Amino acid sequence: MLFEDDIRTYREQGYIVVPDVLTPEEVAGLRAATDQVVAGAAEVSDHSAVYDLEPGHRPEAPKVRRINNPHAQHPAFGAMVRHPKIVACLNDLWGPNVRFDISKLNMKAPGYGSPVEWHQDWAFYPHTNDDLAAVGIMIDDATPENGPMLMLPGTHKGPVYDHRAGGYFVGGIDAVKAGLNFDNAQPCLGKAGSITIHHVRMVHGSAANTSDRPRRFMLLQYRAADAWPLLVPPTMNFAAYGDLLVSGEETLEPRMEKCPVRLGFPYRPNQFSIYENQSELENKYFASTAHPLVNAGR
């Protein structure tokens with residue numbers, strides 16, 4: 001599924017965009033499923049296990065910025081978890097043994113879709129090795145104006161940055177204190193049906209949607225089957241964990257590799273939403289119109 005150049009780019013830059021993975025019919029099915037699930041937000045007035053709501057949400061005028069675990073909310077999303085082309089891409093990167101983790105559907109409505117500050121997924125869930133990645137499915141065209149994902153190439157080879165504010169883990173990087181150079185940030189652009197794959201240690205983020213077009217983006221998180229979470233709850237359901245394999249075989253022998261790790265503690269009280277947690281950051285990159293990327297995508 002992937003060409004040698006794709007694999008080389010992923011290793012060197014930390015991300016790739018793969019065009020035309022889904023058919024137009026599959027994209028249409030995801031759009032219809034999104035509309036159906038979002039309509040259910042008319043039944044809620046506050047965040048729930050399914051819905052992360054935009055400021056200004058009202059049941060009579062639903063505003064949803066994230067659907068949590070959409071694969072469990074509609075069969076069209078569930079089918080993406082084991083989509084043969086997506087799994088084939090991951091097999092090309094890691095080999096035959098691949099495990100699914102969780103999913104989310106981030107939505108940026110025209111004109112106001114919420115930004116996500118710079119962060120690394122690795123800060124949320126370190127494992128015994130870093131063969132983990134998020135696959136993003138473009139349900140809409142990703143353009144410079146509607147909030148496409150932005151990457152800082154090569155940062156997947158660097159340190160794990162502090163994601164705390166006020167003494168608590170908030171899932172965001174302080175845009176000033178981290179000392180990062182954002183001038184080389186690159187947008188992930190493509191037509192609906194394309195996918196992105198980004199390394200778990202990649203620094204990435206997104207601005208608000210300033211266009212008149214929506215940006216709906218489903219993220220599926222995967223890991224090599226021999227990458228085991230460092231923080232495994234003693235009550236973990238091993239059978240259910242095994243059911244998350246999308247290809248290959250189970251192993252009880254974690255592959256241990258030397259990777260930088262910074263545990264995401266302590267949690268904020270009432271921690272729920274990355275959007276609200278990141279509001280505690282002292283220096284927010286995408287909240288300032290002084291930065292050129294704020295009005296040029298994620």
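Before moving on, here are some points about what is shown:
- Within the range 257-273, tally of residues that are of a type in the set (Ser, Thr, Tyr) and over 14 Å from Ala123 (Cβ atoms): 1
- The residues of the range 57-72 that are under 24 Å from Thr23 (Cα atoms) and crowded, with 20+ Cβ neighbours inside 10 Å, listed by number, are Arg66, Ile67, Pro70, His71.
- Of all residues in the range 73-84, those satisfying the criterion of being surrounded by 14 or more Cβ atoms within 10 Å (Cβ to Cβ) and out of contact with any Phe, Trp or Tyr (no Cβ under 9 Å at 6 or more places or on another chain) are Gln73, His74, Ala76, Phe77, Gly78, Ala79, Met80, His83.
- Residues located in the range 107-129, provided they are within 16 Å of the chain's Cα centre (by Cα) and more than 23 Å from Tyr168 (Cβ to Cβ): Met107, Lys108, Gly113
Rundown of residues vs (1) out of contact with any strand residue (DSSP E or B) (no Cβ under 7 Å at 6 or more places or on another chain); (2) part of a loop (DSSP other than H, G, I, E, B); (3) touching a residue at least 40 places away in the same chain (Cβ under 8 Å), yes/no style:
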{"site": "Arg223", "(1), (2), (3)": "no, no, yes"}
{"site": "Leu231", "(1), (2), (3)": "yes, yes, yes"}
{"site": "Pro254", "(1), (2), (3)": "yes, yes, yes"}
{"site": "Pro260", "(1), (2), (3)": "yes, yes, yes"}
{"site": "Glu280", "(1), (2), (3)": "no, yes, yes"}
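Quick grid of which residues meet (1) in contact (Cβ under 8 Å) with a residue 12 or more places away in the chain; (2) touching a Phe, Trp or Tyr at 6+ places or on another chain (Cβ under 8 Å):
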{"site": "Asn209", "(1), (2)": "yes, yes"}
{"site": "Arg216", "(1), (2)": "yes, no"}
{"site": "Leu220", "(1), (2)": "yes, yes"}
{"site": "Pro234", "(1), (2)": "no, no"}
{"site": "Phe238", "(1), (2)": "no, no"}
{"site": "Thr251", "(1), (2)": "yes, no"}
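- Test: Ala72 is over 14 Å from Ile195 (Cβ atoms) and without any contact (Cβ under 8 Å) to a residue 40 or more places away in the chain: yes
- Looking across Tyr168, Tyr161, one residue alone is buried (at least 21 other Cβ atoms within 10 Å of the Cβ), more than 24 Å from Asn91 (Cα to Cα) and among the aromatic types (Phe, Trp, Tyr). It is Tyr161.
- The set of residues from the range 122-174 being over 24 Å from Ala225 (Cα atoms), of a type in the set (A, V, I, L, M) and out of contact with any Lys or Arg (no Cβ under 8 Å at 6 or more places or on another chain) comprises Met151, Leu152, Ala165, Ile173.
- Residue list for the range 184-208, filter: under 25 Å from Ser279 (Cα atoms), more than 13 Å from the chain's Cα centre (by Cα) and assigned to a loop (DSSP other than H, G, I, E, B): Ala185, Ala207, Ala208
- Conditions (1) farther than 30 Å from Pro24 by Cα; (2) modelled with pLDDT under 95; (3) surrounded by 17 or more Cβ atoms within 10 Å (Cβ to Cβ): number failed by Val232: (3)
- Filter pass, Asp212 being surrounded by fewer than 19 Cβ atoms within 10 Å (Cβ to Cβ), of a type in the set (Asp, Glu) and more than 19 Å from Val81 (Cβ to Cβ): yes
- Residues that are surrounded by 11 or more Cβ atoms within 10 Å (Cβ to Cβ) and modelled with pLDDT under 90 within the range 240-274 comprise Tyr267, Arg268, Gln271, Phe272, Ser273, listed in sequence order.
- Within the range 116-133, the set of residues being under 14 Å from Met149 (Cα atoms), among the charged types (D, E, K, R) and in contact with a helix residue (DSSP H, G or I) (Cβ under 8 Å, 6 or more places away or on another chain) comprises just one member, Glu117.
- Within the range 98-108, not a single residue is crowded, with 21+ Cβ neighbours inside 10 Å and in a helix (DSSP H, G or I).
- Qualifying positions in the range 124-144 - crowded, with 17+ Cβ neighbours inside 10 Å and either assigned to a strand (DSSP E or B) or of a type in the set (D, E, K, R) (or both): His127, Asp130, Asp131, Leu132, Ala133, Ala134, Val135, Gly136, Ile137, Met138, Asp140, Ala142
- Pairs where the first residue, in the range 3-18, is surrounded by fewer than 16 Cβ atoms within 10 Å (Cβ to Cβ) and the second is at pLDDT 95 or above, C-beta under 7 Å, 6+ apart: Ile7/Asp92; Ile7/Leu93
The values are calculated or read from the model by the stated rules, or taken from the named source; none is laboratory data. These figures come from a predicted structure and were not determined experimentally. Here Cβ is always computed from backbone atoms with ideal geometry, including for glycine, and neighbour counts include all displayed protein chains.
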